[in-house]
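Chemist: Just dropping this structure here.
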């Protein structure tokens, strides 16, 4: 009797791609989860990355203090580069879903303290006009206070990259921001602690990758809403498997150089827009974005093994540190500030990335 085979070349490709990715993740998942159960490495130990954790009652101060331990490293990494401060504006009208202006102020105050004043607050909003969102959230006032510029990434040019779609197993062209792809820029991801209805959690990496996709429907002025389109859905890959793979696929070129993740008031449940607030009062920062996302997930009570794209990035071995046993925590112990976040109702469906596709 002949063994069963995929019914088409398309099915074969799809099965092979996702089965390989799932098998790779599953093969090392126990070691990652075991690492998550340990406390962070002490200073001078085996740490390969450092993540600052701050806790308190002043959001701007939390961001500033989280960045202070990396003062020399950040100044050296920026050098003469222009700083792009990328907030999360998936919504232009719901403050809980967006980066808070106080968090941006803390970052800008820190940059001022190290003499870095060539700063642009830049975004490509998902749900409307970027500049309208900036005004709604008070970014214009913060920018004016520190002499920062405001930028709509959708007006600054793009480079065509390719994203995978699990529905047809083909690469699809996707316009991605030239600014965020430009290696001469220093990219800061001013992200938030938020759960997500497709990838479990959205932190510093996803803020950059999906934010880079051009949304010309929302551009103010000629060529904007009339006849424009958003390429953000293309990055979502047609499903729970595709979006995780695309975030991993695009991460080598679209990642922050500095992650500042605001957990002062996080979002749980039906994020990234429709969730509810979590009074957490913490902030995480690191020059290693993967380590920062890993620590933020731990603080949210989320197993790394549930977040597909971060698991893939961890398994790649060249994007950062995801083993808590090799991350030095600068500040209070993680265990003292863990607050489990309620996950989205679609969690079981989201976790399908862990399983290989069934052959027809």
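Here, each number is a calculation from the coordinates, and none is a lab measurement. Just so it is clear, the structure is predicted and the values come from calculations on it, not from any experiment. All Cβ positions, even for glycine, are placed from backbone atoms using ideal geometry, and neighbour counts span all protein chains on display.
Chemist: Can you give the translational diffusion coefficient of the stretch 10-354 in µm²/s, computed by Stokes-Einstein from the Kirkwood radius over Cα pairs at 4 °C and 1.567 mPa s? It would help to have the intermediate numbers written out before the result.
Modeler: Details: Rh = 19.9 Å.
Answer, rounded: 65 µm²/s.
Chemist: Which whole-number value in Å³ per residue fits the convex hull of the alpha carbons of the stretch 111-248?
Modeler: 127
Chemist: What order do you get for 112-120, 137-145 when each peptide is scored by the mean count of other beta carbon atoms within 10 Å, highest first?
Modeler: Packing proxy ranking, top to bottom: 137-145, 112-120.
Chemist: What FRET efficiency comes out for the pair residue 94/residue 46, r = Cβ-Cβ distance, R0 = 56 Å, nearest 0.05?
Modeler: Approximately 0.85, to the nearest 0.05.
Chemist: Could you give the nm distance between label points at residue 172 and residue 184, where each point is 7 Å from its Cα heading toward the beta carbon?
Modeler: It works out to 3.3 nm between the two label points.
Chemist: Points 7 angstrom from Cα along the Cβ direction at residue 76 and residue 160: gap in nanometres?
Modeler: 4.1
Chemist: So if we plug the beta-carbon distance of residue 145 and residue 253 into 1/(1 + (r/R0)^6) with R0 = 25 Å, what FRET efficiency do we get, rounded to 0.05?
Modeler: The formula returns an efficiency of 0.15 here.
Chemist: Would you work out the relative contact order for the stretch 10-354, in percent, from Cα pairs under 8 angstrom that are 6 or more residues apart?
Modeler: Normalised by residue count, the contact order of the stretch 10-354 is 25 percent.
Chemist: According to the square roots a ≥ b ≥ c of the eigenvalues of the Cα gyration tensor, what is the shape class of the stretch 203-360, taking rounded for a/c under 1.5, prolate for a/b larger than b/c otherwise, and oblate for the remainder? Before the final figure, lay out each step's value.
Modeler: Values: a/c = 1.56, a/b = 1.34, b/c = 1.17.
Taking the square roots of the gyration eigenvalues as a ≥ b ≥ c, the stretch 203-360 is prolate.
Chemist: Could you order peptides 83-91, 48-56 by the average number of other Cβ atoms within 10 Å of their residues, highest first?
Modeler: The packing order, highest mean first, is 83-91, 48-56.
Chemist: How much FRET efficiency would the formula 1/(1 + (r/R0)^6) give for residue 132 and residue 318, where r is the Cβ-Cβ distance and R0 is 45 Å, rounded to 0.05?
Modeler: Calculated value: 0.70.
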